[in-house]
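What follows is a set of notes on a single structure, which appears directly below.
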2 protein chains.
Amino acid sequence: MRYLSRLFQPVITIPKNAKIKNTEITCKSQKLLLECGLIRPTSAGLFTILPLARRALDKLEIQIRSCIEAAGGQRMSVPSLTVAALWERTGRLQAIGPELMKMEDRHGKKYLLAPTHEEAIADLLADVGPLSYKQLPLLLYQISNKYRDEHRPKHGLLRSREFSMLDAYGIHSSEDCALTVYHTVTQAYAELFRRLQLPVHRVAAPSGDMGGSVSHEWQLPAPAGEDQLSVCSRCEHASLDPTDTCSQCGADTETRSSIEVGHTFVLGSKYSSPLSALCTPPSGAPQPLIMSCYGIGVTRLLAASLEALSSDKSLRWPAAIAPYTVIIIGPKEGSKEWQSHGADAIQRLSERIADTHDDDVIVDDRHHLTIGKRLMMADRMGYPYIVVVGKASLERPPRYEVYCSSAAAASVRLLTEDELLGLLGAAGAEDHDEIKTSA
Amino acid sequence: MRYLSRLFQPVITIPKNAKIKNTEITCKSQKLLLECGLIRPTSAGLFTILPLARRALDKLEIQIRSCIEAAGGQRMSVPSLTVAALWERTGRLQAIGPELMKMEDRHGKKYLLAPTHEEAIADLLADVGPLSYKQLPLLLYQISNKYRDEHRPKHGLLRSREFSMLDAYGIHSSEDCALTVYHTVTQAYAELFRRLQLPVHRVAAPSGDMGGSVSHEWQLPAPAGEDQLSVCSRCEHASLDPTDTCSQCGADTETRSSIEVGHTFVLGSKYSSPLSALCTPPSGAPQPLIMSCYGIGVTRLLAASLEALSSDKSLRWPAAIAPYTVIIIGPKEGSKEWQSHGADAIQRLSERIADTHDDDVIVDDRHHLTIGKRLMMADRMGYPYIVVVGKASLERPPRYEVYCSSAAAASVRLLTEDELLGLLGAAGAEDHDEIKTSA
């Protein structure tokens, strides 16, 4: 059983217009994550992820891994330190320039802290290759910290300088083969956002620095977004081109701020060709591999989902990644309920709930605080289910107050233990199928 | 079901005395990991972890997390980029010097890629503090990549420049409180090594650059080890001091090469004092927190365990972290067994085994290769159980050859499907209790 009093969660209040580590507070996910003790800046654009946010990130990573492995992804780990010479050969050292974090080792050899790994993967394939077309396609992925030396980091985890990212690389013998894998990964992305219950739009996108032929951005409408999305009021088709009428159905569009949470590309041979990553076809000479790549900003997606779902005052999470699904608030010390139940009875209830809910339960054992105060804090944190052992717990049979953060605040329900376990068990079973990994 | 033919495992043969990325092959874990397609160097002391090794690392991380969380550990993530000024204040920027990976951002601000995070944690505690003694102790941990600019990286993953490490930090109001947590974490380490079935010795150690009062190294005897351990032939007491007789029981000692896989320290106020990380005691003025810290080199432990268990020719893993627990080798295409069973029957058997074994099964579906060749490769990879669908599968009831890598090579057993599922199920149940995380 986890107890809130033992948790490292340094809650603070940020004065209006205050700067934190030289950075303005510009959006609600940034403010709420800081104030609720979930993250802590260490320097401009760098954050310590504190235990509750780390737990949410763990859950998000499990969901992402499950979807990308269902698409055939094989996990690996590429070093963050990448030899700069590789990026010279593809022209990106120049093209991206000051946003790259560069360094030299003690012998003066030049490296960069990679923001992405197309060069490293192409170099690996060149090193082991040429690959036979029979071994292809392959889908290799990692979840690791990436680096970007933003001129002005802002919006907290939405634009930081060290961030967690999924990057997956498709390796193909032909453009057709690449499009097949692209389609499979597209479905995996759609499944991920379905599980997170986030209205993420896939929109055609320019390829930018990455190069290649096909590219889509995955955009989540949210207030702090730096992109503008035209969304059709009838068919939901979305576009990054500002248009008044939908190109698909002709209906009116609405413009919304939006956050890029993922990107998918067919890269062609832009990286394999200069780095000599080759494929042996059924007949003829080896030729450059066709690559595709897929990114999801993990820390960014966490913050973006909070940006999209939260109010100015209270966090709201996709149910699948809330730090804990259930919080239990016992009576205040010295109250009639406290005297009647004692800490042991609350612990037993908590354990029975924990049993049905895969330990995804925390007990707010700060019994010196009133129920009202703890309820307010639990609501601000956005735990999907808040269970209060209040006055009705003295009835026979005892009943518990259950607040469900996805419903209106007024919708408190009074449930017996069996009803409560039924409700949570049903919710748990639903999540469960999804959370299983193939690790 | 996983199929070997789809796996990215670039097997190579390394010529004698060859250098790989300017590095000599100096030990068997390095040679076997490279040759079996499990890792691949990208530059001196930097390695891509390929899918099968990544899977073993995932399992190892789960074991480590489970043990450290049972000791009260709360997972968090601290950025790898650490402000260099913090290390100036504790004196370590000078003291460690050229082994630190240093860099500047676009504004000229100095950072280092941290090899460890005592400064960052003390700074975090100063930032949120002073902490009340009532909130303590806390145990915060992360598993993340650490950096050390080794003058001469060697022995593959045993001494690399970017490596995965568990680092945990105890935060205490007094030295007594620190010793209690130290004892708890010591037991967690012992439990971890028990699960991995590795004979790791805890030995008293000098604190070195870290400072503090109490310190132990955790040493695994193995051929490539750079430390020398005196181990008592009677009571197993181990020491880093070269002695002929045991200080505990007076019996003779034996000297063995050994690899440091973990370290534990009580640090006192060496970091909290210069960085002003304070604790409010029951009465009186705030005073520096007492810290302790705990490290386990994750990639190093993986390589060290292979170094300790493998032969020159074949990998051997702790059963709990083998990339797959079971490999199934079907008959060669065109053989009598193949004609009798077909691929479907092998798939059905594989699925039944996978069901009892939590999907921890891989099928060597390269049916164009002989059973003998695939058996040799599976033995070299060190899968704990190798199941061969050979001649005896034509008997009624069919029987399967089962090779168990922890037993002598001669000990092949012929088992019916029920006997096989019983054997694997029992092994699985054993692992299972241990692999469950509290994520």
Quiz item: Across the range A:284-296, what is the total count of residues that are open to solvent by less than 10 Å² (accessible area, probe 1.4 Å) and either in a strand (DSSP E or B) or charged (D, E, K, R) (or both)?
Solution: 5
Quiz item: If you take the residues in the range A:352-364 that are at pLDDT below 85 and not β-branched (Val, Ile, Thr), which one is farthest from residue A:388 (Cα to Cα)?
Solution: A:358
Quiz prompt | Of all residues in the range B:81-119 being in contact with a helix residue (DSSP H, G or I) (Cβ under 7 Å, 6 or more places away or on another chain) and within 18 Å of residue A:161 (Cα to Cα), the one that is surrounded by the most Cβ atoms within 10 Å (Cβ to Cβ) | solution = B:111
Quiz item: Can you name every residue in the range B:297-349 that is in a loop (DSSP other than H, G, I, E, B) and more than 33 Å from the chain's Cα centre (by Cα)?
Solution: B:331, B:332, B:333, B:334, B:335
Practice problem: Name every residue in the range B:136-154 that is under 21 Å from residue A:41 (Cβ atoms) and at the interface with another protein chain (Cβ under 9 Å from one of its Cβ atoms), in order of residue number. | Solution: B:138, B:140, B:142, B:144, B:145
Exercise. Looking only at the range B:86-95, decide whether some residue is within 10 Å of another protein chain (Cβ to nearest Cβ) and either at pLDDT 95 or above or touching a strand residue (DSSP E or B) at 6+ places or on another chain (Cβ under 9 Å) (or both).
Key: yes
Quiz item: Inside the range A:1-38, can you point out the residues that are in a loop (DSSP other than H, G, I, E, B) and over 23 Å from the mean Cα position of the chain (by Cα)?
Solution: A:1, A:12, A:13, A:14, A:15, A:16, A:17, A:18, A:21, A:22
Quiz prompt | Only listed residue being within 28 Å of residue B:163 (Cβ to Cβ) and assigned by TED's automatic domain parsing to the domain that holds residue A:267, chosen from A:160, A:173 | solution = A:160
Practice problem: Determine whether residue A:276 is touching a helix residue (DSSP H, G or I) at 6+ places or on another chain (Cβ under 7 Å) and either assigned to a helix (DSSP H, G or I) or over 16 Å from residue A:262 (Cα atoms) (or both). | Solution: yes
Quiz item: Listed residues A:166, A:136; which is over 22 Å from the mean Cα position of the chain (by Cα) and of a type in the set (A, V, I, L, M, F, W, C)?
Solution: A:136
Self-check item: Filter pass, residue B:65 being open to solvent by 10 Å² or more (accessible area, probe 1.4 Å) and closer than 23 Å to residue A:82 by Cβ
Solution: no
Quiz item: Can residue A:206 be described as assigned by TED's automatic domain parsing to the domain that holds residue A:57, at pLDDT 95 or above and open to solvent by 50 Å² or more (accessible area, probe 1.4 Å)?
Solution: no
Quiz item: Considering the range B:347-378 alone, what residues qualify as being free of Cβ contacts under 8 Å to residues at least 60 places away in the same chain, hydrophobic (A, V, I, L, M, F, W, C) and in contact with a Phe, Trp or Tyr (Cβ under 9 Å, 6 or more places away or on another chain)?
Solution: B:375, B:378
Quiz item: Taking the range B:1-53 as the region of interest, how many residues are of a type in the set (Ser, Thr, Tyr), away from every other protein chain (no Cβ under 11 Å) and within 20 Å of residue B:162 (Cβ to Cβ)?
Solution: 3
Quiz item: On the given criteria, is residue A:109 under 22 Å from residue A:305 (Cα atoms) and more than 7 Å from every other protein chain (Cβ to nearest Cβ)?
Solution: no
Practice problem: Can you confirm whether the range B:32-54 contains a residue that is open to solvent by 40 Å² or more (accessible area, probe 1.4 Å) and in contact (Cβ under 8 Å) with a residue 24 or more places away in the chain? | Solution: no
Practice problem: Test each condition in (1) at the interface with another protein chain (Cβ under 8 Å from one of its Cβ atoms); (2) under 30 Å from residue A:190 (Cβ atoms); (3) in contact with a Phe, Trp or Tyr (Cβ under 6 Å, 6 or more places away or on another chain) for residue A:73 and report the one that comes out false. | Solution: (1)
Exercise. Answer yes or no as to whether residue B:125 is open to solvent by less than 30 Å² (accessible area, probe 1.4 Å), out of contact with any Gly (no Cβ under 9 Å at 6 or more places or on another chain), closer than 23 Å to residue B:264 by Cα and within 10 Å of chain A (Cβ to nearest Cβ).
Key: yes
Quiz item: Quick check, is residue A:264 touching a His at 6+ places or on another chain (Cβ under 6 Å), polar (S, T, N, Q) and either in a helix (DSSP H, G or I) or buried (at least 19 other Cβ atoms within 10 Å of the Cβ) (or both)?
Solution: yes
Quiz item: Which one is least open to solvent (accessible area, probe 1.4 Å) among residues in the range A:144-192 that are in contact with a Lys or Arg (Cβ under 7 Å, 6 or more places away or on another chain) and in a strand (DSSP E or B)?
Solution: A:147
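The values are calculated or read from the model by the stated rules, or taken from the named source; none is laboratory data. Remember, it's a predicted structure, so these values are computed and weren't measured experimentally. Neighbour counts are summed over all protein chains in view; Cβ atoms, including those assigned to glycine, are modelled from backbone coordinates with ideal geometry. These area figures cover heavy atoms from the full protein model, side chains too; ligands, DNA and RNA do not enter into them. Shrake-Rupley method; radii C 1.70, N 1.55, O 1.52, S 1.80 Å.
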